[in-house]
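Written out below as structure tokens is the structure these notes cover.
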Amino acid sequence: MKRLHQYIVVVMAAAITLMTACTKTIPELSGTASVADFSFAQAPASDTLPYAYKVQFTNQSKEEFLYQWDFGDNSALSSAKSPQHTYKVGGTYDVRLTTVGTNGNNSITKKVFVNDACSNAFFKALTNCGSAEWTWSLDGDAIRVLSPDGTQVYFAGSAAGCQADDVYKFGADGSLIYDANGQTFDVQSGYSCQAPKANASAYKVVAKTGQQPVIILGPTSNGVGSPFIGTTDVVRNNSYKVIAYTESTMTLQSVLGGGELLEVKLKRKVALTLADIKQLLTGATSKSWKLDGTPGANAIIVGTEGNPSEYFGGGPLADCQLDDVYTFTAANAVNYNANGSTFNGGNIAPNYNCGDNRSYNSPFTFAATSGGVAGLATVTLPGTPLPAFIGTTDVPDNTYRIIDISPTRMTLRAGNGSGTVFQFKMVAQ
């Protein structure tokens, strides 16, 4: 019996060896190559921006058991069957799916368009689809406080000196960076310049169809105090309604604790070199400028460096001011043409009336603004005002700081900043 058992074991071992040898000499695969395919759908967009840019990919391949997804944005590959992927920014992506079947692999590439928050016109203007910096408007009514129903103006004025250089950087990812550039003008500290205050590090925009967009700030970065845009007033729900905007300007309205309406005007911050500023001023050869005679423009305001409209908030120009022309040349000369009559300031009798023609030609120097005061560049006329001056005859000195300039508009501030300043809003001819 024992010998029979040993014989059977030997026979079975020989049979297994023979079968193995046959398998190796006659290779044969079964099955077919995979066929890769997929569909995709983006999650519905939210009216709170920026929203997550999520795309659901659904595998529709055949005869496959392994997957490899390349989402086209340099992110890690995925081996999931039907993954969901979040894109950091919108755009068009080449998405490639490779599948493996029992008899080979196959791949397919499709273009996937991802819709992002920049499809909203305001969000595009606010962030430039990446990041954009905003600072104070130089208008004399950059800050307004109105009655709860908006019918009465309780206060209107320009930004204070340590306020005017504040920068708010809005990112398309919902990030917010506040740069006080030295000091924050603090309402809670008696309307004075203080050490920079902590602000929100994130924001969102609620953009419902048929309604004005609303910017809502997150908490301050250190958890102390209230976040702010513009003034440090505490506003309801940290919420700012966008009542007007262009690609380079916006006006925000919020509600104060007593129901009063606070409005602040901002403008897009654009970095200019000294050469850029000189070219804008002179048009590369010569360029003419006039005081802005538009009704309500408040082309001339008078005040201090901290509050340029403190003493005089502006008003209509006299007839003899409307046709004054100042032509600046690249050769550093300025020509003033009164076109008949010059408006007398407080230093010439009869004061504040149209008087003699005081047209002139004068050289000027052009340099970067120094001394820790606001200004992109400084134009200096020789001597004291009269015979040469810009804007009015009674400016404090012949130092004119270019506070803001574009191809069509310019804001000049006369005075070195230590005393009274005159600010002029001018338009190109």
Checklist outcome for this item: A careful count of residues in region 314-333 that are farther than 24 Å from LEU280 by Cβ and assigned to a helix (DSSP H, G or I) gives 2
Next on the checklist: I need a count of the residues in region 173-218 that are open to solvent by 30 Å² or more (accessible area, probe 1.4 Å) and at positive phi.
Outcome noted: 5
Item to check | Qualifying positions in region 67-126 - aliphatic (A, V, I, L, M) and closer than 27 Å to THR48 by Cβ | outcome: VAL89, VAL95, VAL112, VAL114, ALA117, ALA121, ALA125, LEU126
Checklist outcome for this item: Restricting region 362-372 to residues that are in a strand (DSSP E or B) and in contact with a Ser or Thr (Cβ under 9 Å, 6 or more places away or on another chain), the one farthest from LYS267 (Cα to Cα) turns out to be THR365
Checklist entry - Of all residues in region 373-395, which are farther than 21 Å from ASN337 by Cα and either open to solvent by 30 Å² or more (accessible area, probe 1.4 Å) or not in a strand (DSSP E or B) (or both)? => result VAL373, ALA374, GLY375, LEU376
Checklist entry - Quick one: is SER137 modelled with pLDDT under 95 and among the hydroxyl-bearing types (Ser, Thr, Tyr)? => result yes
Checklist entry - Taking region 396-409 as the search range and keeping residues that are part of a strand (DSSP E or B) and of a type outside the set (Asp, Glu), which one is surrounded by the fewest Cβ atoms within 10 Å (Cβ to Cβ)? => result ARG409
Item to check | Subset of region 307-355 that is open to solvent by 70 Å² or more (accessible area, probe 1.4 Å), within 17 Å of LYS425 (Cα to Cα) and of a type outside the set (A, V, I, L, M, F, W, C) - its residue that is farthest from the chain's Cα centre (by Cα) | outcome: ASP319
Next on the checklist: For region 104-125, give me each residue that is of a type in the set (A, V, I, L, M) and either surrounded by fewer than 14 Cβ atoms within 10 Å (Cβ to Cβ) or part of a strand (DSSP E or B) (or both).
Outcome noted: ILE108, VAL112, VAL114, ALA121
Checklist entry - If we keep just the residues of region 129-168 that are polar (S, T, N, Q) and touching a residue at least 24 places away in the same chain (Cβ under 8 Å), which is farthest from GLN423 (Cα to Cα)? => result SER131
Checklist entry - Out of region 296-330, which residues are of a type in the set (D, E, K, R) and under 29 Å from THR365 (Cβ atoms)? => result GLU305, GLU310, ASP323, ASP324
Checklist entry - Of the conditions (1) within 23 Å of the chain's Cα centre (by Cα); (2) of a type in the set (D, E, K, R); (3) not in a strand (DSSP E or B), ASP149 fails just one. Which one is it? => result (1)
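The values are calculated or read from the model by the stated rules, or taken from the named source; none is laboratory data. On a predicted model such as this, the values are computed, not experimentally measured, just so you know. Don't worry about glycine lacking a Cβ; one is built from the backbone with ideal geometry, like all the others, and counts go over all protein chains shown. Please note that ligands, DNA and RNA were not included when accessible areas were found on the heavy atoms of the full protein model with its side chains. Shrake-Rupley method; radii C 1.70, N 1.55, O 1.52, S 1.80 Å.
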